[in-house]
Amino acid sequence: MNKLIATAIIATGLAIPQAQADGVKIGLLSCSIDGGVGFIIGSSKAIDCVYQPAGGGHVEHYEGSIGKLGIDIGITNGSSVVWAVFAPGKTKPGGLKGSYGGASAEATIVVGLGANVLIGGFRKSINLQPVSVQAQTGLNIAAGIAGLRLDYVD
């Protein structure tokens, strides 16, 4: 479990400088992730997100799913994660809609941590970097490739 948490922290730390070099922080994406069961080689969970642009502005609502391909064994209750959103510039309403992919790692024994570093959206120009590590409860261990799909709801 300690190796898994270390991998999540290292992946997060290495990805942040690259994202900052490729764009500017345009806001925060706060998400609630449904609980569920890992199916050994993967999982898929519903996600509900709110995007707050930096400096204020119109708050946007997104729904979709987050999945993992790799080791995912166990059961988790709902969790939450906050990503800093980096892009070449401001986006239009609904601009975060799309598919994202990247590295994922998490470990949970009653209370646990995880991180998902994702790139995608419009022309793969948007980077989602965890502001804090994902918080969740349950019993689970997972590592692999994460996929996120966001649909604009507003």
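The number of residues in segment 13-35 being at pLDDT below 75, open to solvent by less than 20 Å² (accessible area, probe 1.4 Å) and not hydrophobic (A, V, I, L, M, F, W, C) comes to 1. Those strands (runs of 3 or more DSSP E) of segment 42-136 in which 2 or more residues are at pLDDT below 70, touching a Ser or Thr at 6+ places or on another chain (Cβ under 6 Å) and within 27 Å of ASP154 (Cβ to Cβ) are absent.
Listed by first and then second residue, the pairs linking a residue in segment 78-101 that is under 11 Å from LEU29 (Cβ atoms) to a residue that is part of a loop (DSSP other than H, G, I, E, B) and hydrophobic (A, V, I, L, M, F, W, C), with Cβ atoms under 9 Å apart and 6 or more places separating them unless they lie on different chains, are VAL81/VAL131; VAL81/VAL133; VAL82/VAL131; TRP83/VAL131; ALA84/VAL131; VAL85/ALA54; VAL85/LEU96.
The values are calculated or read from the model by the stated rules, or taken from the named source; none is laboratory data. Keep in mind it's a predicted model, so treat the numbers as computed, not measured. All Cβ positions, even for glycine, are placed from backbone atoms using ideal geometry, and neighbour counts span all protein chains on display. These area figures cover heavy atoms from the full protein model, side chains too; ligands, DNA and RNA do not enter into them. Shrake-Rupley method; radii C 1.70, N 1.55, O 1.52, S 1.80 Å.
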